[in-house]
Structures are given as C-alpha cells and as structure tokens.
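Structure, as structure tokens:
The values are calculated or read from the model by the stated rules, or taken from the named source; none is laboratory data. This is a predicted model, so every value here is computed, not measured. Please note: Cβ atoms are built from the backbone with ideal geometry, for glycine as well, and neighbour counts cover all protein chains shown.
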Amino acid sequence: MIEALLQTLLNGAASGGVYALVALGYTLVFSVLGVINFALGALFSLGGYLTYLLMGGRISANGGLPGWGLPQGLSFTPALLLAALLTGLVSLVVERLAFAPLRRRRAEPLLYLITSLGAGLVLVNLLQMLMGAEGYAFPATALAGLPDALQVAGARIRSVQVLLLAVCAAAVIVLTLWLERSRSGRALKAVAEDATTARLLGIDSGAMLRLAFLLSGALAGLGGGLIGVSISLPGPYMGISYGLKGLAVLVLGGLGSVPGAIAGGLLMGLAEALVPGDASGWRDALAFAILFLVLLLRPSGLLGRRQVEKV
Amino acid sequence: MTVDPRLAPTGGSAASPLLELDALSCRFGGLVALDQVSFAVQQGEIFGLIGPNGAGKTTLFNLISGLTPASGGQVRWRGEPIGGLGPERINRLGIARTFQNLRLFDSLTLRENVLVGLHRETRAPLVEALSGNAGFRARQAALERRAGELLALFGLDARADDSAANLSYGDRRRLEIARALATGPALLLLDEPAAGMNPAEKDELCALIDRLREQFQLTVLIIEHHVPLMMRLCDRLAVLNFGRRIALGSPEHVRHDPAVIEAYLGGQASAAGERR
C-alpha cells in the first residue's frame, strides 16, 4: 500500500518535472518576447528522436532506410545532453525563420502565434517524412547499469522515474542558479523587464533573445529525450500533447514566473498520477479542471505577478 | 578620416567637439518635434537644455541615445556620425542616459541594477564561469565592489540588497544615475534628474553632478525645468521652443536673450496672466 502510494507520487513528480521543463521553455521566451512559442512541442519530439538516434537506435524511415542507424551509439547521458543542445540549435533556426522576420517588421504579437505554430507543424512533418509515423522503442540496454528498482524506506520503486525526476531537478536548479548568479542571467532578466532600458545600458537584446530560444529548445529537447527513454517514441506527434500540457502548466503557475512553472508542473503531474488506473481516461479532465479552478480563484496563476500598469 | 598620429593619444581630434548636433530634425507624421537643431557639446562641459514643455528636449535625448531615428540632420560623436546606430551600440561608444519617468528594473535589487550597467565589464569566458576558478571569483568580487562603490557614491550602499521597487522617489532618481554611470560613459544625458526633489535635495544633486564631472571626467548634458538650478550648474545652455533652438550660450547670455524672455519666460508670464 505504502509502496504503491510512493510509486504513484514518484510517477507524478517525474512527469510533473517534464511538464515543468516544457513550461520553463515557454517561460524563457515569453518573458523576453511576450509571446508563446508554439513550436516548442515539436522541439520536444525532435529531442526524443535525436536522443534515440544518438544512442544508435535503428530507424526505417518509411521503409526508405530499413535498419539504418549510427554505426556507433553514445551512452544515455552524453546522447541526452547532445540531443538537448542540438534541439536548442534548431530552436535558434525557428527563431530566425519564424520570429526574426516579424520582429524586424514590428508585427502584431498575435502573428507570432501563427508563424510558430507553422514552424512546429513543419518540424513534425519533417520528422514524419524522415523517420516515419511508426513508434520506436529505445533498446532495452539504453539504461544499462541502472537497476530496475530501488529500495527506498522498505519500498521498491522503479528507478527510471527516479532518474527522470533527478534530471529534471538538476536542469531546473542549474537554470535557476544561472538566472540568479550569472552575468547573462542577469542581463536576460533585465531584457525581460525592460528591453529598451537594457539596450541603453549596452546590452545586446537580440543576443539575449537568441539565448532564450537556445535554452528553451534545449529544455524541450531534454524533456523529449527523457520521455522517450522512460516510455517510448509513439510517433512524431508525441511532443504536441506535452506542449499543450506545458502550456496549461505555464498558465497554472503564472505567465512568465519561473517558480510558478516549476510548482505548476509538479502540481499537474501529481494530480494526474493520483487518478486511479482504471479511470485513467479522466486524467486530462482532472488536469484541466484544476487549471480552471486555479484561474477562477487566482486569474494571474499560482505565482503570477499581478499585472502592473506599465508607464 | 585620417587623424594625425601625434594627436591620437589625446582621444579624438582636438578640433571636433565631443558631441555635435548638425541640423537635427525629427517629425512624427505632421508634427515637427525638432526643427534643424544644431549645437556642440565640448569635452568636460555641463551643458543645459531648457525650454517649455513640449519643446522637444526629451525627443532630442531619444535621438542622441538611438531610440528614435532622426528625420534629417546628423549626430556626430567625436567627429564620427552615429545616426542609425542602435541604443546598445551608442551606449558602448560612451553615451549613457536617465529617464524623466524613471525606468529602473523593479524586480532586481539595487546592486543588481548597477551590475546590469556593469554588464560589459563582466565578460568572462564560459569555461571560467562554469568552473568558478579563482580568477573568475576574484573578478566577480571586484565587480561587486565596483557596484558597492557606485551605490555608496549616492548614499545607497546600505540598501544594496533591497528591491529597487521599495525606494523613495529621490533615491530612485539617484539609483538611475548610478546605473547609467556603471556603463562607463564619457557623456551622461540626464533627463530632469531633480524632478520631485525638495530644494535641499536639489542643491545636493547639483553638488553631486559637479563632483561626478571631476571624478569620472564626465561631460554632462542635462534637461531640467528648475531654471535657477540650471543657471548655477551649467557652463552653457541651449534653449528650445517648439522644436527650434532659440538661444545658445552662457547662463548670463541666455538669461538676457530677448528671444528667451519673449518665448520662454514671457510665455510663462502671459500664461500666468491668463490664469488670473
């Protein structure tokens, strides 16, 4: 009984951690640009596929390249980190193609929604073209060296969930420390609060924006790789549902708030995990019911700042 | 442009002023905010800009600092045209400014506000920053000290870790100047720095600006409505009215300029008359 509860809570915290990563990805771009990057879900998928490929996974590419794979796969940790970095770089390309042209023309913020959604669709369809629509399962040896279960306080729990939670926690801690302590983190916060004033103090706001996109994509890629290895790659659209859930978490926690994204992610993950297995169809219903409830009581989200009148 | 190598070490050619506005114009649709304004600011000067509300003073600051493109004319910095450069490039050339309606980073502490100004000096190779080696830590400590010193200059060091949002109005003004100074400017643009201060604070600010000029070898271009303060503080003044420069010269000269009395002081007198 205790064992089952512990496992349930851990499952919830682990998927909550992944939701938090996605929500933080949205938060980084939102805080600097004030818009949602709808391509983030597609980048999540990309991260999953890149991790799979880098670990030497075989693909069929719609039968075009049956059984093809990298001759020498990496082990999980370097593959995951490299996949996250590559996803971050693709995120920079998305910025260049879907955001930069609109910024130059000082377009309506609403238009970014369309271009980023378009960029996301292109990415997902590219994945489908190159990798096929079929699902892939990571080889059983993907996490070789990691025992199946851990003994915690007399209860046996699945270790892959522990790994997920640990990686998410590490990513969140590094990101927070970087924002609080580093020169670029401070500059990013300054640009987020008032880009014009930051520029007048000699800060290149364009470079900070690209940095936000790079990190945002890397976080999504990390999430994709983690879900891929812990569950599977069900298809190129896998990231879309995580992207939507991340969006809900973003609103739940409060737009633009880093602690809000983390708290919202955990709350969402735990709530879903507490839905009994035979009612699992109600998971999303519960998740969005919580979102409605929170927004009714606190329209600016759990930890969102009250909208301050800008001068 | 070639510069005689013997002149180069003195920084720019001796002939060109630090900042030069050449027939600068700015139109917003049909409204002419600035109409062919020209003047030059010499190295080390405290140069005042006065004029009634809506005369175009802040617009002029926006043009110099790169926020608003000019519709005509040119801004030259040490003899080189800088029109069309972005605000961050212009700041890096050595021009910093403050705002009439304060623009602090309210989510940051006082120290962090100043550290954002020190951004360019904090450049550290990524590897060093990640490994946190001794050189990096020493430089971090030096930066924190610099930020502390700048805050101390304005009597704000005791509250360095407070949120900027909690400061009184006068202290917010002082913090904004400290942050601008942190970028290491040669020219400081102050937009109504004494607004909202009481007479004693105004006197203090005056003395401080004078001291900053000495200590940082600053040149100051200042907008302020308080005419007696400007007469006392400035080496030279330009007077704007309806976007045109109507007078230029020493405080004594400007005070007795008939155009100024007519358009500026006279305008106020007649406005007072209307109220009566």
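Structure summary
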| read-out | value |
| --- | --- |
| Filtered residues of the stretch B:127-160 (kept if at pLDDT below 80 and among the charged types (D, E, K, R)) | B:E128, B:R137, B:R139 |
| Identity of the residue in the stretch B:89-110, buried (at least 21 other Cβ atoms within 10 Å of the Cβ) and part of a helix (DSSP H, G or I), that ends up farthest from the other protein chains (Cβ to nearest Cβ) | B:L110 |
| Test for A:M208: is it under 30 Å from A:P236 (Cβ atoms), crowded, with 17+ Cβ neighbours inside 10 Å and of a type outside the set (V, I, T) | no |
| Failed item, numbered, when B:L221 is tested on (1) surrounded by 14 or more Cβ atoms within 10 Å (Cβ to Cβ); (2) out of contact with any strand residue (DSSP E or B) (no Cβ under 7 Å at 6 or more places or on another chain); (3) closer than 23 Å to B:S65 by Cα | (2) |
| Selection count, the stretch A:275-306, where residues are assigned to a loop (DSSP other than H, G, I, E, B) and under 22 Å from the mean Cα position of the chain (by Cα) | 5 |
| Spans of helices (runs of 4 or more DSSP H) in the stretch A:153-272 with at least 2 residues more than 14 Å from chain B (Cβ to nearest Cβ) and either under 14 Å from the mean Cα position of the chain (by Cα) or among the hydrophobic types (A, V, I, L, M, F, W, C) (or both) | A:159-181, A:205-230, A:238-253 |
| Test: residue in the stretch A:286-305 that is within 14 Å of chain B (Cβ to nearest Cβ), surrounded by 19 or more Cβ atoms within 10 Å (Cβ to Cβ), at pLDDT below 85 and within 27 Å of A:G221 (Cα to Cα) | yes |
| Filtered residues of the stretch B:179-223 (kept if outside any strand (DSSP E or B), among the charged types (D, E, K, R) and within 14 Å of chain A (Cβ to nearest Cβ)) | B:R179 |
| Top-ranked residue of the stretch A:179-197 - restricted to ones that are of a type in the set (K, R) and farther than 15 Å from B:T183 by Cβ, ranked as modelled with the highest pLDDT | A:K189 |
| Within the stretch B:63-88, tally of residues that are without any contact (Cβ under 8 Å) to a residue 60 or more places away in the chain and facing chain A (nearest Cβ under 10 Å) | 5 |
| When residues of the stretch B:152-178 are limited to those that are within 14 Å of chain A (Cβ to nearest Cβ) and part of a helix (DSSP H, G or I), the one farthest from the chain's Cα centre (by Cα) | B:A165 |
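Every residue, every condition in (1) of a type in the set (K, R); (2) exposed (fewer than 14 other Cβ atoms within 10 Å of the Cβ); (3) more than 24 Å from A:S257 (Cβ to Cβ); (4) out of contact with any strand residue (DSSP E or B) (no Cβ under 9 Å at 6 or more places or on another chain), yes or no:
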position: A:M131; (1), (2), (3), (4): no, no, yes, no
position: A:F138; (1), (2), (3), (4): no, no, yes, no
position: A:L143; (1), (2), (3), (4): no, no, yes, yes
position: A:A170; (1), (2), (3), (4): no, yes, no, yes
position: A:E180; (1), (2), (3), (4): no, yes, no, yes
position: A:D194; (1), (2), (3), (4): no, no, no, yes
position: A:D204; (1), (2), (3), (4): no, no, yes, yes
